[in-house]
Each structure stands twice: as structure tokens, then as C-alpha cells.
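Q: Let me give you the structure first, and then I'll get to my questions.
The values are calculated or read from the model by the stated rules, or taken from the named source; none is laboratory data. Computed from a prediction, not measured in an experiment: that's the story for all the values here. Backbone-built Cβ (ideal geometry, glycine too); neighbour counts: all protein chains shown. To get the accessible areas, we keep the full protein, side chains included, count just its heavy atoms, and leave off ligands, DNA and RNA. Shrake-Rupley method; radii C 1.70, N 1.55, O 1.52, S 1.80 Å.
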Amino acid sequence: MMGSRIKENPESTFEVYLEVLHSGAQGTGPEVRRQFPDDYMDQETLQTLPKFCFPFGTDSLTVNQVGQNFTFVLTDIESKQRFGFCRLSSGAHSCYCILSYLPWFEVFYKLLNILADYTVKAQDSQRQELLVSLHKLIIPEPGVPVHLGVHSFFTVPDTRELPSIPENVSVSIFSCKTWWCFSE
């Protein structure tokens, strides 16, 4: 793909998964509660992502925004896009985020819902197993069905086509300075 901003042949399906908490207390910012893989070492990304998880602060969130998904895009040093897929939950004080070079919108939103459910139900081993399976997955060709466990099934989207926004997703623009958010 000449001139594409999508990275060809990324090393894994996602770069990092974070659970970020924001207490909402005045003068405090969002903090990483959990990350996978544990040995992820890009400190700049680890410091930046929590701010993108809560770009608008918790004081401006409304109850009906809880459980919403949104996406942001970061550009790496090679001008390739990395997509941050996020899900707000727990009274809008926690955000689950997957950073990936793959623009698999529906897939990552579905997986974030499953991961959030595992976290709420304290099913740590299931959450860890899903993250390990997804991270180790050799990226299949478009259209290939993938089973990562009992609740984790998806079909690989074709990234050569223009991304589409599913019918059940609305597009919103938050006043987030310089980036767009897609919310469900």
C-alpha cells in the first residue's frame, strides 16, 4: 500500500492494553491501574495514553456516557497510525484501552466489552487468558474467523477497504482539542 498510514505486518494484534482510573479528585489525573503486556516499556506511550482515555475530564461526563466506546488516533515516528480503542465504565472513573496498528473497530469494541465484563466480575484468569491469546495471535487474513475462547469470536476485517462505522454506532465529536472520537 503505497502511501498508506496503516502499518503493514504489525508484530501483534495490539501493542498494549491498559485499564486507566480517574478518581475525579481535583488536581489528580488519570493513572494506569493495569497493563498488558507487563513488560511493555514505551514510557512515552504509557504516560500519554491515560490522558487520551480521559481527554475531557470526569467532571464533564454524564451518566449516559458510561459504557460508551470511543477511538483516538496517534501517529508514530514513521507516520503510521495507531488506534486507541477505549471503553468508559464504572461510573466513568475507569477506562479500558487497547492500542493497535490494526483499524479493527468492531472487533476491539467487542473485546473491550468482554474485558470490562471480566474485570467487573473479578474474572482475572479469563481476562489474562483472553489478552495472552489475542496478543500471541498471528494476524490472520481478512475474512478469517477467529476463536479466542468461549465468548471471544470475531471475523478479521479487510483493512484494504475503507473502514465503516457499524449501524449501531454514532459518531460524536468531543471538544478534545486536536482529535476525533467515535462513540457507541
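Q: Determine ³J(HN,Hα), in whole Hz, for all residues of region 110-120 in sequence, where each value follows from phi through the Karplus function 6.51 cos²θ - 1.76 cosθ + 1.60 and θ = phi - 60°; x replaces Gly and Pro.
A: Ordered by residue, 3J(HN,Hα) equals 4, 5, 5, 4, 5, 4, 5, 4, 4, 5, 4 Hz.
Q: Sorting Tyr101, Tyr17 by accessible area (1.4 Å probe), largest first, what list results?
A: Numbers: Tyr101 35, Tyr17 0 Å².
The ranking, largest first, comes out as Tyr101, Tyr17.
Q: Continuing with this model, one more query. Could you name the lysines in cross-link range of Lys7, using Cα to Cα under 26 Å and dropping any fewer than eight places away on the same chain?
A: By straight Cα distance, Lys7 reaches Lys51, Lys80, Lys110, Lys136, Lys177.
Q: Let's test the formula: R0 of 22 Å, r as the Cβ-Cβ distance of Asp42 and Ile6. What FRET efficiency results, to the nearest 0.05?
A: The calculated FRET efficiency here is 0.65.
Q: While we're here: For His93, His22, His147, His135, write out the residues from largest to smallest accessible area, computed with a 1.4 angstrom probe and no ligands counted. It would help to have the intermediate numbers written out before the result.
A: Working: His93 75, His22 20, His147 135, His135 50 Å².
Descending order: His147, His93, His135, His22.
Q: On full extension of the chain, what length is gained from Lys110 through Arg33, given 0.36 nm per residue of separation minus the C-alpha to C-alpha distance?
A: Gain in length upon complete extension: 25.6 nm.
Q: Order these peptides, 125-133, 71-79, by their mean beta-carbon neighbour count within 10 angstrom, highest first.
A: On the way: 125-133: 16.4, 71-79: 13.3.
So the order, starting with the most tightly packed, is 125-133, 71-79.
Q: Arrange the residues Asp39, Asp117 by how much accessible surface each exposes, largest first, with a 1.4 angstrom probe. Mind showing how you got there, number by number?
A: On the way: Asp39 110, Asp117 65 Å².
The most accessible residue leads, giving Asp39, Asp117.
Q: A further question follows. Report the extension gain between Leu137 and Lys80 in nm, rounded to one decimal, defined as 0.36 nm multiplied by the number of residues separating them, less their alpha carbon distance. Walk me through the numbers before you get to the answer.
A: Numbers: separation 57, 0.36 × 57 = 20.52 nm, distance 2.12 nm.
That pair, Leu137 and Lys80, stretches by 18.4 nm at full extension.
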